[in-house]
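Down below is the structure, laid out as structure tokens.
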Amino acid sequence: MAIIKRYEKNPVLTKDHVPYEVATVHNGAVVKHNDIYVMIFRAHRLNGRSVLGKAISDNGYDFKVDPVPFMTPATEGVFAEYEEYGIEDPRITFIDGEYLITYSAYSKHGVRIGLAKTRDFNTIERFSLITQADYRNVVIFPKKFNGFYARLDRPHSEINPWSIWISYSPDLRYWGDSKLIMKPVTYHWDEMKIGPGAPPIETKRGWLNIYHGVFPTMDGSVYRLGVALHELKDPSKIVAVADEWILQPEEIYEITGYVHNVVFCCAAVPENDGKVKIYWGGADTVMCVGTANIDDLVSLCLNKPRKPC
Ligand code: BMA
């Protein structure tokens with residue numbers, strides 16, 4: 001049986017739900033704020049550049065989109081220079097009473113990561129550009145370690161297949177002590193590259209990291225999702241990585257679209273009943289959701305691990 005049960009009415013959000021003109025709705029971050037699910041999603045404008053939209057829901061399935069985008073590329077200040085080509089793939093972490101939103105900022109200089117903050121999803125403040133080029137997929141842990149914020153990140157690499165690193169910061173602005181902690185495995189479903197997906201979820205057995213892995217084929221790349229466990233006190237240490245993927249493109253809305261054969265995750269919302277709602281973009285075109293038991297994901301890592309690397 002599939003470890004993630006797809007919601008039967010997927011996709012939960014498409015461009016038809018959006019009151020302004022967009023070509024896609026995907027790679028959304030979702031959190032529960034005052035018992036309301038808030039989704040910040042990526043949407044391509046008709047010029048091929050992305051903005052971030054906002055949608056809310058009472059149940060995590062039926063979303064209503066705001067009349068205007070939540071964030072558009074900055075037009076002044078230091079951010080304008082680095083967001084000219086669009087803003088993409090948000091992730092949200094709640095820590096110290098604020099929501100931290102990381103996003104990819106694209107420009108002629110490459111892609112780097114912006115960090116914005118909000119307390120209520122009504123107002124938003126850009127805080128800092130927290131990487132140089134070329135980085136994507138930065139997720140911040142919802143806890144500090146020895147007084148330091150921690151993040152998983154994914155620098156671009158020509159020599160080594162793109163891998164997951166960890167970095168630390170005393171103040172969210174300056175990051176360092178970076179270390180490579182997880183690599184793709186040759187002739188495996190994630191052999192081409194891996195990257196952090198949802199911000200990690202704390203479980204009794206470790207931090208659950210839902211990540212994406214890419215496999216190259218004659219028909220282009222296939223994006224799938226996998227899981228890993230990191231040590232609770234020291235997330236730079238990997239307890240186990242599941243050998244099998246947890247989700248691959250299988251439904252029509254994942255197989256065809258703006259980019260075919262893609263499931264791409266930016267968020268997972270743990271619930272009180274031991275389940276987690278996992279959100280993913282299908283074919284870079286629509287937003288989907290499914291549920292899994294957190295224990296099943298943890299067991300998959302522990303009982304069917306792959307060789308560490
Ligand atoms: C990655 C990013 C994601 C996208 C994925 C599949 O490199 O651009 O935003 O979902 O490719 O196209």
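The values are calculated or read from the model by the stated rules, or taken from the named source; none is laboratory data. This is a predicted model, so every value here is computed, not measured. Quick reminder, even Gly has a Cβ in these numbers, built from the backbone with ideal geometry, and neighbours come from all protein chains shown. Please note that ligands, DNA and RNA were not included when accessible areas were found on the heavy atoms of the full protein model with its side chains. Shrake-Rupley method; radii C 1.70, N 1.55, O 1.52, S 1.80 Å.
Which whole-number percentage describes the relative contact order of the stretch 172-309, with Cα contacts under 8 Å and a sequence gap of 6 or more?
Computed over the stretch 172-309, the figure is 19 percent.
Given Cβ point charges of +1 (Lys, Arg) and -1 (Asp, Glu) and nothing else, what value in debye, to the nearest 20, does the dipole of the stretch 118-187 about its Cα centre take?
180 debye
Lys275: net charge of surrounding residues, Cβ under 10 Å, Lys/Arg +1, Asp/Glu -1, itself excluded?
Taking every other residue near Lys275 into account, the sum is -2.
With unit charges on the beta carbons (Lys and Arg positive, Asp and Glu negative) and the dipole taken about the Cα centre of the chain, which residue among Pro142, Thr285, Thr24 sits farthest to the positive side?
Of Pro142, Thr285, Thr24, it is Pro142.
Can you give me the accessible area per residue for the stretch 5-306, using a 1.4 Å probe, in Å²?
Details: 12850 Å² over 302 residues.
Result: 43 Å² per residue.
Multiply the residue gap between Asn59 and Glu81 by 0.36 nm, knock off their C-alpha separation, and tell me the result in nm, one decimal place.
4.1 nm
The stretch 42-136: which trypsin sites (Lys or Arg not before Pro) are DSSP loop and have at most 15 other beta-carbon atoms within 10 angstrom? Can you show the working numbers first?
Details: sites: Arg42, Arg45, Arg49, Lys54, Lys64, Arg91, Lys108, Arg112, Lys117, Arg119, Arg126, Arg136; in loops: Arg45, Arg49, Lys108, Arg119.
Here the sparse-neighbourhood loop sites are Lys108, Arg119.
Take the alpha carbon gyration tensor of the stretch 92-153, find the square roots of its eigenvalues, order them as a ≥ b ≥ c, and report rounded if a/c is under 1.5; if not, report prolate when a/b exceeds b/c, else oblate.
The shape class here is oblate.
Would you please state the base-10 log of I(q)/I(0) at q = 0.14, 0.15 1/Å for the chain, with intensities from the Debye formula using one equal scatterer on every alpha carbon?
-1.04, -1.23
Whenever you get a sec, compute what percent of the accessible area on the stretch 5-306 sits on carbon and sulfur atoms (1.4 Å probe).
Here it works out to 49 percent.
What does the charge add up to near Gly110, with Lys and Arg as +1, Asp and Glu as -1, over the other residues with Cβ less than 11 Å from its Cβ?
Local net charge: +2.
Which pairs in the list Lys15/Lys277; Lys143/Lys275; Lys9/Lys183; Lys143/Lys183 are over 29 Å apart, alpha-carbon to alpha-carbon?
Pairs exceeding the cut-off: Lys9/Lys183.
Cα centroids of the stretch 194-217 and the stretch 1-77: how far apart, whole angstrom?
So the separation of the two Cα centres works out to 21 Å.
For the peptides 24-30, 265-271, what is the packing order when you average, over each peptide's residues, the other Cβ atoms within 10 Å and list the highest mean first?
The densest-packed peptide leads the list: 24-30, 265-271.
Using unit Cβ charges (K, R positive; D, E negative) and no other charged atoms, how large, in debye to the nearest 20, is the dipole of the chain about its Cα centre?
580 debye
Compute, for the stretch 181-296, the length of the dipole vector about the Cα centre, with Cβ point charges of +1 (Lys, Arg) and -1 (Asp, Glu) only. Units Debye, rounded to 20.
For the stretch 181-296, the charge dipole is close to 380 debye.
Which value at 222 nm does the chain reach when only helices count, each DSSP H run of 4 or more adding -39,500 (n - 2.57), with the total divided by all residues and rounded to the nearest 500 deg cm²/dmol?
Rounded to the nearest 500, the figure is -1500 deg cm²/dmol.
Counting only DSSP beta bridges with both residues in the chain, tell me the antiparallel percent, nearest 5.
95 percent
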